[in-house]
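Peer 1: Right, I'll just put the structure down here and ask away after.
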Amino acid sequence: MSLDNLKSQIPAYAKDIKLNLSSLANEDTLTPQQLWGTFFASALASGNAEVIKQIEAEAADNLSAEAYDAAKAAAAIMGMNNIYYRFAHLASNKEYSTMPAKLRMNIIGNPGVEKADFELWSLAVSAINGCGMCIDAHEAELRKHGLTSSDIQAAVRIASVVHAAAAVLDGELALNSANLAAAA
């Protein structure tokens, strides 16, 4: 199991991250497609190669080809949208919030999977990327599709733990590089 490979790389001081990865892999409020799509989109948003590799192997076993591609698309489009809409929201000049984005976002209208699943993955990535405007928009869409607070919270819990795993591995790599440089 690739999630086990990922957990084996997380140091003892981050035991809570390991435990949370285990419990979230068994989260039962989400469908398997929602669960593994959220894990995969979150891993891609984390940017950590090892987290992506290990979660991708697990997700590939649990997602259809269409869901696999849609999870990648959610991470990609939110990588763009989260920057743009966070800027529009945070800029002191509120004129930017009234201007059309003029960015292609066709995948949102036709993601190739259930709209609610794509919105859930987009919400998880938006949480990682810290875009409040996108979080609010995706949460509202998820409510229209009948998802509950527990469903939405589960996706954000997955995003937070996957992001934490990536941060731990990135930190360990940086620390090891710094120690090697100091020893040289």
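Peer 1: What pairs come out if I take residues in segment 128-147 that are surrounded by 14 or more Cβ atoms within 10 Å (Cβ to Cβ) and pair them with residues that are among the acidic types (Asp, Glu) and assigned to a helix (DSSP H, G or I) whose C-beta lies under 6 Å away, six or more apart or interchain?
Peer 2: If the second residue must be among the acidic types (Asp, Glu) and assigned to a helix (DSSP H, G or I), the pairs left are His138/Glu119; Glu141/Glu119; Leu142/Glu119.
Peer 1: Please determine, by comparing only the residues of segment 126-184 that are assigned to a loop (DSSP other than H, G, I, E, B) and of a type in the set (Gly, Ala, Ser), which one is farthest from the chain's Cα centre (by Cα).
Peer 2: Checked segment 126-184; the qualifying residue farthest from the chain's Cα centre (by Cα) is Ala184.
Peer 1: Let me ask another. Would you check if Ser97 is at pLDDT below 95 and farther than 13 Å from Val162 by Cα?
Peer 2: yes
Peer 1: Only one of Glu58, Glu95 is charged (D, E, K, R) and under 13 Å from Ile158 (Cβ atoms); which?
Peer 2: Glu58
Peer 1: Here is a follow-up. Report whether or not Ser92 is small (Gly, Ala, Ser), exposed (fewer than 15 other Cβ atoms within 10 Å of the Cβ) and outside any helix (DSSP H, G or I).
Peer 2: Yes; evaluated as a whole, the condition is true for this residue.
Peer 1: Further question on the same structure: State the number of residues belonging to segment 59-72 that are surrounded by fewer than 21 Cβ atoms within 10 Å (Cβ to Cβ) and either of a type outside the set (Lys, Arg) or in contact (Cβ under 8 Å) with a residue 60 or more places away in the chain (or both).
Peer 2: 8
Peer 1: Now a separate question. Filter segment 1-54 down to residues that are surrounded by fewer than 16 Cβ atoms within 10 Å (Cβ to Cβ) and of a type in the set (Gly, Ala, Ser), then give me how many there are.
Peer 2: Result for segment 1-54: 7.
Peer 1: Kindly provide the set of residues from segment 22-44 that are touching a residue at least 40 places away in the same chain (Cβ under 8 Å) and among the acidic types (Asp, Glu), ordered by number.
Peer 2: Glu27
Peer 1: Another one. Is it the case, given these coordinates, that Glu114 is within 21 Å of Ala43 (Cβ to Cβ) and either touching a Lys or Arg at 6+ places or on another chain (Cβ under 8 Å) or of a type outside the set (A, V, I, L, M) (or both)?
Peer 2: Criteria met by Glu114.
Peer 1: Shifting gears a bit: Please specify each residue of segment 165-184 satisfying the condition of being out of contact with any Gly (no Cβ under 9 Å at 6 or more places or on another chain) and surrounded by 18 or more Cβ atoms within 10 Å (Cβ to Cβ).
Peer 2: Within segment 165-184, Ala165, Val168, Leu169 meet the criteria.
The values are calculated or read from the model by the stated rules, or taken from the named source; none is laboratory data. None of the values given here were measured: they were computed from a predicted structure. FYI the Cβ positions are ideal-geometry reconstructions off the backbone, even for glycines, and counts take in every protein chain you see.
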